[in-house]
1. Please go through the residue pairs Lys246/Lys484; Lys87/Lys142; Lys268/Lys292; Lys50/Lys484 and name each one whose alpha carbons sit more than 26 Å apart in this structure.
2. log₁₀ I(q)/I(0) of the stretch 158-243 at q = 0.11, 0.19 Å⁻¹, via Debye over equal Cα point scatterers, no solvent, to two decimals?
3. Could you please state, rounded to a whole Å, how far the C-alpha centre of the stretch 456-474 is from the C-alpha centre of the stretch 28-90?
4. With a ≥ b ≥ c taken as the square roots of the eigenvalues of the C-alpha gyration tensor of the stretch 307-368, please select rounded if a/c is under 1.5 and otherwise prolate if a/b is larger than b/c or oblate if it is not?
5. With a ≥ b ≥ c the root eigenvalues of the C-alpha gyration tensor of the stretch 47-147, is it rounded (a/c under 1.5), prolate (a/b larger than b/c) or oblate?
6. Nearest 500 deg cm²/dmol is fine: what mean residue ellipticity at 222 nm does the chain get from its DSSP H runs of n ≥ 4 alone, each adding -39,500 (n - 2.57), divided by its residue count?
7. Quick one: which residues, 5 or more positions from Asp184 or on another chain, have an amide H under 5 Å from its amide H? H modelled 1.01 Å from N in the peptide plane, none for Pro or chain starts.
8. If you line up the Cα atoms of the chain on their principal axes, what length do they span on each, largest first, in Å?
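What follows is calculated from the coordinates using simple rules that are stated; it is not laboratory data. The shown structure was predicted, so the numbers you read here are calculated from the model rather than taken from an experiment. Neighbour counts run over all protein chains shown; Cβ positions are idealised from the backbone, glycine included.
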Amino acid sequence: QVAAALKKGHVTPTELCQRCLALIKSTQFLNAYITVAEETALKQAEESEKRYKSGQPLGVLDGIPVAVKDNFNTAGIETTCASNMLKGYISPYNATVVQKLLDQGAVLLGKTNLDEFAMGSGSTDGVFGPVRNPWSYSRQYKEKSVRKPHSDSEESNWVITGGSSGGSAAAVSSFTCFAALGSDTGGSTRNPAAHCGVVGLKPTYGLISRHGLIPLVNSMDVPGILTRCVDDAAVVLGSLAGHDPKDSTTIQDNFKPFELPNLPDVSKLSIGIPKEYHAPGLSSEILALWSKAADLFKDAGAKVIEVSLPHTRYSIVCYHVLCTAEVASNMARFDGLEYGHRSDMNKSTESMYAATRREGFNDVVRGRILSGNYFLLKQNYENYFIKAQKVRRLIANDFLKVFGSGVDILLTPTTLSDAVPYMEFIKEDNRTRSAQDDILTQAANMAGLPAINVPTALSERGLPVGLQFIGRSFQEKQLLTVAKWFEKQVKFPMIQLEEVKRHNHDVFQHEKSASFS
């Protein structure tokens, strides 16, 4: 819609950019952005305006304001991974996905907040402070939430965004941008999308380049796409997908961008309901929604069948071993020698290494490095790392068997419940939380399959709940078509954020907010 408005001249790219920047300022207390590139964004918007005036826009994304998670390299704009280790680091190059967005004329507003080095499921563990879920300030939530006596009402009542791409999800949800990039290693795009009421797409592994995405787990990381509707996700995917000579894991074939049909037909499809996803801790509300969604497909003529993915129950343990092993390897590059933080300790190279990493990484990152190095010790390698790789193959084979039996799409919950209040979330440690929150999403990363969160309904507390669709490898068109059909059926309500602009910013003074550069 906004691309059409730009084309017709109803709004100019500069006006659009200024509106988004003003919204970022008025929603600063959400802490969604780490860096706001105001000057750069306005320059890009001016360039876009010239192209529209000469009748030569670069494409649908020309002039569209977007945001990028702060673990993608951006030339000229700080890339911190929400860590002391990279504070002040400015990359000499753009990540491929960022470059592709800029080549299409998109306007980059800034970099969004996350868990440090994307390790977490709440966007609460970064050095810039936690991200607040925009729905905490929505009329829907306020009308339903019971205020606790003797509390600072909103101050103790706000809920998390999920993570680790919580900043990107909050940015899209609060209308400060039209699309945002996240990363997805175990559900880091779909989890916050579910909690913030937006669409979160994790494409097939290898469809989008990882070049310039600061790695967490190379064999599972995928750039994710966050938008307010499924059609938008398809547009962004069309701009980003395809081979990249700088990333040997990308597909060799050319990717043809596609448009989704206006009236999708699901009557000839077979929808699988994996029984293992009825996991311990799944809320009765989400279970009821999942069941209703299956009925919607049945009523539309689709075949709905229960399927089994027997090795799903081992996936969290398996993921923990593989994730920490790759983290240990990836984090070795942060040694204080070439870039990033460097300690003043100068007794010896070893002491400088140790002090740099102690000062630069938080407890979560250091804990994962320790676990990973333990699993990779010579005496443990066979028992942990190799065994976990074998289990990963079994998990991937489960999906192959189900899709081979004629099932087209799997329908599952995305999260166990709606978003929890921050004060409740931090009662448990990062490891425990991640194990609970990734349980329904990370098997798709293990198998490299495409998956999408579609916002489905509001919970009894007035917070968003989403359902997940998992597709066959490289069948994004089918996956997004089904997601679009479902989106049309459920008619998810729009967030009502009237009070955000009038919010008293003084309450949030103690938070380190986005730097306007």
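1. Where the Cα-Cα span goes over 26 Å, the pairs concerned are Lys246/Lys484; Lys87/Lys142; Lys50/Lys484.
2. Normalising to I(0) and taking log10 leaves -0.25, -0.75.
3. Result: 28 Å between the Cα centres.
4. prolate
5. Because a/c hits 1.5 or more and a/b fails to exceed b/c, the stretch 47-147 counts as oblate.
6. One gets -11000 deg cm²/dmol as the mean residue ellipticity at 222 nm.
7. Counting only residues 5 or more places away or on other chains, the set is Val222, Gly224.
8. 72, 63, 59
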